[in-house]
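What follows is a set of notes on a single structure, which appears directly below.
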Amino acid sequence: MPVELVDECAAVVVGGGPAGAAAALELAEAGEDVLIVEQSAFPREKACGDGLTHAAVSYLEEIGLEPLVEGAQRIEDCRFVLGHGKEMRGWYHPPAKLPHSRFMRTLPRRTMDAAVLDAAIERGARLLEARVDEPLVEDGKVVGLRLVGSPGSADGGVVSARRVIAADGATSRIRRCLGADVAAHGTRLYALRRYFTTEVALDPVFDVYVPLVYEGGLLAGYGWVFPVAENRANVGVALYEPSPGRERTRIRELLAAFVGDLEERSGERFGALTDASKPVGAPIATRFSAERCEVDGVLFAGEAARFADPLTAEGISFALRSGQRAGAAAAASLCTGGTTNLGRELGTSSPRVGQNLSLLVRLAEQAGGGLTLSDPVHQPLLLELRRLVGDAPIEPDLAETPAGRLLAGSPDGLAALSRIQASVLSALRTELPFGLEVLNRELHAGIGPIGAVTAVLAARACGGDSGERVEALAEAVELLVLAGRSQLWISADSGTDLARLNNGLSSLLCEHATVKAQAAAARAGIGIAAATFELSEAAAWDAENTFAGNISLDGLLGAYERRASTLALACGGAAEIAGAGAETVGALERFGRGIGVASRIAEESRALMRGDERTRRSPAEDLRQGRYPLAVVEALEFDPSLRGRLGEPLGAAGASELLAAVRAAGGVDGASARCRERAAAAITPLRAIPAVASKHLEPVAALAVRRLEH
Amino acid sequence: MATLDAVRQLPESEPLARACSQALAAAAAPTATEVVLGAGALGDRDPDDAAVGVVELVAAGIGVSKEIAFSPPAAARPGESRQSLQAAAGIWMRGEAARLAATLGDYAVDALAQAQTRIATGQAHAFEDLYDPARPPVRCLLVAALRGGALFELAVRLGAGDRGSGFPARLSSIATDLGVAAEIVEQVERIRDPGLAAADLRCGVYDLPVSNALDSDPGLAARMTAGLDPARVGDLVAALLDTRGVALALAMALHRAEGARLELDEEHGGDELAAIAQRIADRCEQAGVADAG
C-alpha cells in the first residue's frame, strides 16, 4: 500500500517545546520552510520548577517576548536551606553585563511554552499536531518521519525533509529508534511538582532545599519552592536516579514528606499550603554528550540531547539555547550543503554548568559539617555529586578575560584563541570525567589565557602568523599552566574524604594536563621537557615552603622564575616556529620569563589584597594557607620581626592582622615596585632588536602592571 | 642499574629528587622492566637503557597517582606537603619520560603519548568508581587494560624498537593481556594482605577480586554501602575471600597469561616474553587458581 506523503519541507522539528520551538524559529527566520510535529495540543502542563534564569530571560526578550517576561513573577535572590536547617542567602550575583532585565523570573511552563511556539509560528514555522512513529532512514541518513494517529492525516503517513531536528524530550523516541539511547550514559533526575496557594505572601526568591533530608538520610537531590505569584508557589522535588544497585526512593512520598516538612519547619514563611494542583512529574536527562548530539543526520536539542544542567537540572535556558543553535546549524547546512558541528558547539557553549559543582560542594560541606564518603548517610549524596560532574559543558568566554582582550580588534587572533580553547577543553573533556569545574574556573580566573595569547602575539612580533604549530604550542602552554595550577590545589592535609577527593581530582587533572601538553607540543614540534622540569621544581619549592617561617626572597623569586618557564616557552617556541634566529629566540624567552614573573607578582598581590570573587577566595587567604607571596617576603626585609608570625595556621582575624602588618611594613609597595621593574626589564631589550616588532608584545608587558594597579 | 643512571636525570631540587627516587623505588616496575628487555628479541636487538628508563618512569608515575588518589585519608601537620611533592614528582617524571623517549625517536614519542593517555584515562575511571559496589567486573578489566595493559604494551613497543610500518596489532594485544594479568595478580595479592585489603576497602577501592565477589553475592554489596567500621573490615575481607571472587579473578588472569604465552611461542624472538608470561601464569597457579573449580 503506498504511503501518503503528508508534508514535504526543508526541515522538520520533532517536538514543540522550548527547544523545538526555538529551533523552528531560527530556521523560519533564516527563510527555511520548517514544520513542527508536536503530539500535544498547546497550551499543556509540564513538570518543571518554572524558574527562568538570566539566560532564559534574555532569550525570551531577544525574540520579542518582553511583555510576557515583564509580567512574570520577579525573582531577586536565591536562598539555600541546607540539610541541617542552616540558611544561606546572597548567592545571587547578576552578571556584570545584562542586555535586558536584571531579574530572574518564574513563568508557568503552560504559558511560556505556548508563547515560544506562537513566536515560531508567527515567523513562518508550520505546526502539525501528530505523533511520530519512527524516523525514515535512507543510506544511513534520516530523511523524514513516519507518523501515527495524526488527526487529519492517514495513519502511517510520512513527512519528508532534508534536515530533521529531534527536540522530543528526555525520553526521545527518535533517539531510541536510532539506537542511540544508551541508558548507562543517560544520567537522569526525576522531578515532581505541585502548585500550592500559600497563606503568607512569598518573598521573591528561589528557595532551594539541598540536600534533601528523608527518613534520616541525605538524598542526592533537592526540593524547591518557587513563587509564581504573590501567594502561589511551585513546590517540587528533584531526585537523581540512583546508581545501579541502590534502592529507588518513591518520589511521590518524598514530595509529600517535603511539603509536610515545609509546613512544619517553615510555617512562618509560607503558612498553610492549600489548594494543591495535581502532581505532575517527568524525568530530566542531563548527561550531555557532544558525540551523541548528531546521529544519522538528526540534530538533537534540549533534553533529547540530554542538554540540561547536570547538577541543578535547570533545563529551560539549555533547551532554548540548544534549540536556537540546532536551528542555526540546520539552516546553515541547508544553505551550504555542508555538515554541522553541533555537538562541539553545544559542548563549549553552555553557560554556568560547571560552576555549580563548587556551589554544591560548598553547600554539602556546610550542611554536614564535614561530609565523609564512608558515612552511609552522606555517601549517596557525595557519590551522586561526583558522578554528575562528568560531561558538564562549559563556556569560558576567554575573549572577555584581561588576556583575551589583548587580541580585541584582531578577528584572526580571537579565532585562533577560540580554536586553542576548544582544543584545551576537548583534550580534557573527552577523557577526564572530572575537573571541568576547576578547568572552567581556571580558564576564567585571574588574567585569563595569558600563555596562549602571548604565544600568538610573539609569533606576530617575529613576523609569523598564528598557524597550526603556534596554536598547538599555545595549547601546550595553557595545559602546562593548568598542570602547574592543579598541582597547587593539592591540599597538604588529606585528613578528610573531601580533601582526599579534591587531591585525587587535582592530581588526575595535573596528570592529564601534562600528558596532553606533551602531545600538543609534539604537534607543534617544540620540546617542552625543560619547561616541565622547571615547573615541577617550582611546584616542589612551593610545597616545601608552605608554612615556611624561614622563606627567603631569593628562593621565592627563583620559584617565580621557574614557574615563568611556561611563558618563556610560549615566546621562545613561537619565535622558533616563526623561523627566528637563536639570538632572537633567546631574547623572546627572556621576555616571556620576565613577564611571567611580573604577572605572577601582580596576580598574587591582587589576590592577597582583594581576594578573588570568582573563586570566592577571601583577601589574605594565602596567608591562612601558609603561602607567603612576595609582598610578605618584601615586608620581612623591612620588618624582620614579622617572621615570627609566619609558619603557623592563622584564623581569619589573624590573617587580616598579618596582612595589615605587611602593608604597614611596605611589603605591598615593595612587591608592586618589583613587578613594574620586571615588566620594564622584560620589554626594554626587545625594543632594540630590529627583527622583533615589539609593539605586539608591549601590551603583554603593560597588562601585568595594569593588573597590579587595578 | 648503573647504565640506567647514566641516561636518567633526577631533579636538582633535593626534596623533589627524594620524592622521585621514592616513587621509582616503590613502583612495581621489575616486571615491566623485564618486559622491555625481553621484547628486545622481537626486534633482534638489545633495548636501549632509555627505553627501560621511560617505562620505569611511567610505572612510577602510576604509583604516584595511586598514592594520591587511592590511599586512605591522612592528616598532616602544617608545612607537611607529601602529596604536593608527589604531584610535583609526577610532573617531573612525565617530563623526563618524554625527554628520554625523544632520544629514542618519533616512534617512542608516539608510543609514550598513547600509553600515557590510556593510563591517565584508566586512573580517571578508577577514581570515578571509588566506593561503587555496583561497579561491574568488566569495568575493572577495562581499568586494568588502560593502566597495566598500557604500561606493558609500551614496554614491548619500546623494547622491540622502531618497526617502521607500525607496531603489529597482534603484539599490542598480547602485551596488553600480559599487563592485565600482572595487574590482576597484584590485586589478588593485595586482597590477601589483611592490612592492604582493609585500607583499600575503607577508601573505596574495589578491584577485580572484590568486584567479582560483590557480583556473585549481592548481600555483600549491601555491607559495603553501610559504611565500614574499622573493627568490622576484617570480617568483611574474610567474607569476600569466602566467595569465588578471587578464584574468578585469577582464572581471568591465567586465561590472559596463558593465551599470551601461546601466542608468543609462535612469535619470532618471543621466547623471553613467553617466559615472563609463564611466570605470571605460575603466580596465578600458586595464588590458588586450582581452587577455582
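What about residue A:595, is it closer than 23 Å to residue A:646 by Cα and part of a helix (DSSP H, G or I)?
No; evaluated as a whole, the condition is false for this residue.
How do the pairs read when you match residues in region B:190-202 that are under 15 Å from residue B:68 (Cα atoms) with residues anywhere that are outside any helix (DSSP H, G or I) and at pLDDT 90 or above, using Cβ under 8 Å and keeping only pairs 6 or more apart or on different chains?
So the pair list comes out as B:200/B:206; B:200/B:207.
Considering only region A:241-290, state which residues are in a loop (DSSP other than H, G, I, E, B), away from every other protein chain (no Cβ under 14 Å), modelled with pLDDT under 85 and farther than 23 Å from residue A:203 by Cα.
Within region A:241-290, A:249, A:286, A:288, A:289 meet the criteria.
Go through (1) out of contact with any Phe, Trp or Tyr (no Cβ under 9 Å at 6 or more places or on another chain); (2) part of a strand (DSSP E or B); (3) crowded, with 21+ Cβ neighbours inside 10 Å; (4) not acidic (Asp, Glu) and name the single condition residue A:209 misses.
Evaluating residue A:209 over (1) out of contact with any Phe, Trp or Tyr (no Cβ under 9 Å at 6 or more places or on another chain); (2) part of a strand (DSSP E or B); (3) crowded, with 21+ Cβ neighbours inside 10 Å; (4) not acidic (Asp, Glu) leaves (1) as the failure.
Would you point out the residue of region A:648-696, among those that are among the small types (Gly, Ala, Ser) and closer than 24 Å to residue A:581 by Cα, that is surrounded by the fewest Cβ atoms within 10 Å (Cβ to Cβ)?
A:688
Taking residue A:607 as the residue in question, decide whether it is among the aliphatic types (A, V, I, L, M), surrounded by 21 or more Cβ atoms within 10 Å (Cβ to Cβ) and touching a helix residue (DSSP H, G or I) at 6+ places or on another chain (Cβ under 6 Å).
In short, no.
Please work out which one of (1) more than 20 Å from residue A:624 (Cα to Cα); (2) within 7 Å of chain B (Cβ to nearest Cβ); (3) at pLDDT 75 or above is the condition residue A:487 fails and give its number.
Result: residue A:487 fails condition (1) only.
Looking only at region A:513-529, filter to residues that are of a type outside the set (D, E, K, R) and either in contact with a strand residue (DSSP E or B) (Cβ under 9 Å, 6 or more places away or on another chain) or at the interface with another protein chain (Cβ under 8 Å from one of its Cβ atoms) (or both); which one of those is farthest from residue A:420 (Cα to Cα)?
Only one residue tops the list, namely A:529.
Anything in region A:215-240 that is out of contact with any strand residue (DSSP E or B) (no Cβ under 9 Å at 6 or more places or on another chain) and in a strand (DSSP E or B)? List them, or say none.
So in region A:215-240, the residues out of contact with any strand residue (DSSP E or B) (no Cβ under 9 Å at 6 or more places or on another chain) come out as A:215-217.
Across region A:215-240, the qualifying residue is only A:217.
Looking at A:559, A:540, which is the one that is closer than 25 Å to residue A:669 by Cβ and either assigned to a helix (DSSP H, G or I) or within 14 Å of chain B (Cβ to nearest Cβ) (or both)?
Working: A:540 fails: closer than 25 Å to residue A:669 by Cβ.
Every option except A:559 fails the conditions.
State whether the residues of region B:65-80 include one that is more than 8 Å from chain A (Cβ to nearest Cβ), at pLDDT below 90 and in a helix (DSSP H, G or I).
Yes - at least one qualifying residue is present in region B:65-80.
Being in contact with a Ser or Thr (Cβ under 7 Å, 6 or more places away or on another chain) and touching a residue at least 40 places away in the same chain (Cβ under 8 Å) is the filter; apply it to region B:137-147 and report the residue that is farthest from the other protein chains (Cβ to nearest Cβ).
So the first thing to find is which residues in region B:137-147 are in contact with a Ser or Thr (Cβ under 7 Å, 6 or more places away or on another chain), and the list is B:137, B:140, B:145-146.
Going one step further and asking which of them are touching a residue at least 40 places away in the same chain (Cβ under 8 Å), we end up with B:137, B:140.
On the way: B:137: 13, B:140: 15 Å.
Once the filter is applied, the top-ranked residue is B:140.
Would you mind finding the one in B:113, B:160, B:89, B:144 that is out of contact with any Cys (no Cβ under 7 Å at 6 or more places or on another chain) and under 22 Å from residue A:516 (Cβ atoms)?
The match here is B:113.
Could you say which residue among B:134, B:144, B:124 is within 30 Å of residue B:236 (Cα to Cα), surrounded by fewer than 24 Cβ atoms within 10 Å (Cβ to Cβ) and of a type in the set (Gly, Ala, Ser)?
Answer to the check: B:134.
Could you say which residue among B:33, B:103, B:121 is within 10 Å of another protein chain (Cβ to nearest Cβ), out of contact with any strand residue (DSSP E or B) (no Cβ under 8 Å at 6 or more places or on another chain) and assigned to a helix (DSSP H, G or I)?
That would be B:121, the only listed residue that is within 10 Å of another protein chain (Cβ to nearest Cβ), out of contact with any strand residue (DSSP E or B) (no Cβ under 8 Å at 6 or more places or on another chain) and assigned to a helix (DSSP H, G or I).
How many residues are of a type in the set (S, T, N, Q) and under 33 Å from the mean Cα position of the chain (by Cα) when one looks only at region A:546-565? Spell out the reasoning first.
First, pick out the residues of region A:546-565 that are of a type in the set (S, T, N, Q): A:546, A:550, A:552, A:565.
Now restrict to residues that are under 33 Å from the mean Cα position of the chain (by Cα): A:546, A:565.
Qualifying residue count for the region: 2.
Would you mind stating whether residue A:136 is touching an Asp or Glu at 6+ places or on another chain (Cβ under 8 Å), at pLDDT 85 or above and either farther than 18 Å from residue A:204 by Cα or not in a helix (DSSP H, G or I) (or both)?
no
Would you please name the residue that is farthest from the other protein chains (Cβ to nearest Cβ), looking only at residues in region A:543-554 that are at pLDDT 90 or above and in a helix (DSSP H, G or I)?
By that ranking, first place goes to A:553.
Take region A:39-71 and flag every residue that is of a type in the set (A, V, I, L, M, F, W, C), more than 24 Å from residue A:127 (Cβ to Cβ) and either surrounded by 20 or more Cβ atoms within 10 Å (Cβ to Cβ) or in contact with a His (Cβ under 9 Å, 6 or more places away or on another chain) (or both).
A:57
May I ask you to verify whether residue B:201 is within 14 Å of chain A (Cβ to nearest Cβ), part of a helix (DSSP H, G or I) and more than 20 Å from residue B:279 (Cα to Cα)?
yes
In region A:192-226, how many residues are touching a Cys at 6+ places or on another chain (Cβ under 8 Å), among the aliphatic types (A, V, I, L, M) and under 18 Å from residue A:313 (Cβ atoms)?
Selection size over region A:192-226: 1.
Hey, among the residues in region A:494-511 that are within 15 Å of residue B:81 (Cα to Cα), crowded, with 24+ Cβ neighbours inside 10 Å and at the interface with chain B (Cβ under 7 Å from one of its Cβ atoms), which one's modelled with the lowest pLDDT?
A:500
Hey, does region A:446-458 have a residue that's more than 24 Å from residue B:68 (Cα to Cα), modelled with pLDDT of 65 or more and within 12 Å of another protein chain (Cβ to nearest Cβ)?
No.
Quick one: which of B:171, B:130 is aliphatic (A, V, I, L, M) and at the interface with chain A (Cβ under 9 Å from one of its Cβ atoms)? Full working, then the answer.
On the way: B:171 fails: at the interface with chain A (Cβ under 9 Å from one of its Cβ atoms).
After ruling out the rest, the residue left standing is B:130.
Within region B:94-104, is there a residue that is surrounded by 24 or more Cβ atoms within 10 Å (Cβ to Cβ) and within 18 Å of the chain's Cα centre (by Cα)?
yes
Can you tell me which condition residue A:165 does not meet? The list is (1) on the phi > 0 side of the Ramachandran plot; (2) at pLDDT 95 or above, and all the others hold.
Every listed condition holds for residue A:165 apart from (1).
Can you tell me which residue among B:58, B:109, B:52 is within 8 Å of chain A (Cβ to nearest Cβ), part of a helix (DSSP H, G or I) and either touching a residue at least 40 places away in the same chain (Cβ under 8 Å) or over 18 Å from residue B:22 (Cβ atoms) (or both)? First the steps, then the outcome.
Details: B:58 fails: within 8 Å of chain A (Cβ to nearest Cβ); B:52 fails: within 8 Å of chain A (Cβ to nearest Cβ).
The conditions single out B:109.
Considering A:51, A:71, A:85, which residue is at pLDDT 90 or above and under 20 Å from residue A:258 (Cβ atoms)?
Testing whether each residue is at pLDDT 90 or above and under 20 Å from residue A:258 (Cβ atoms) leaves just A:51.
The values are calculated or read from the model by the stated rules, or taken from the named source; none is laboratory data. No experiment lies behind these values; they were computed from the predicted model shown. Every residue, glycine among them, receives a Cβ derived from its backbone with ideal geometry; neighbour counts consider all protein chains shown.
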